[in-house]
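A short worksheet on the structure shown next.
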């Protein structure tokens with residue numbers, strides 16, 4: 001399973017980014033602000049999608065969550081750490 005590819009598809013599907021393909025999302029590009037341009041509402045929706053798909057519950061520490069949600073690379077590390085225990 002390619003977690004990065006899976007996450008890109010999850011982001012596109014969850015946030016209904018119809019004009020974006022997985023190839024458009026760079027692994028190390030920021031997901032928020034200057035990168036993909038997501039916002040805090042998108043982060044909430046994405047957090048719920050991660051809970052549904054991977055049974056990941058995010059911590060209440062906002063700074064820690066910002067690190068996890070920085071890019072596909074950082075988000076995939078979070079998912080892989082939860083999947084692999």
Selection count where residues are assigned to a loop (DSSP other than H, G, I, E, B) and surrounded by fewer than 12 Cβ atoms within 10 Å (Cβ to Cβ), scope region 1-36: 9
Residue 85 vs. criteria assigned to a loop (DSSP other than H, G, I, E, B) and at pLDDT below 95: yes
Every residue from region 26-48 that is farther than 18 Å from residue 3 by Cβ and touching a strand residue (DSSP E or B) at 6+ places or on another chain (Cβ under 6 Å): 32, 38
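The values are calculated or read from the model by the stated rules, or taken from the named source; none is laboratory data. Keep in mind it's a predicted model, so treat the numbers as computed, not measured. Neighbour counts are summed over all protein chains in view; Cβ atoms, including those assigned to glycine, are modelled from backbone coordinates with ideal geometry.
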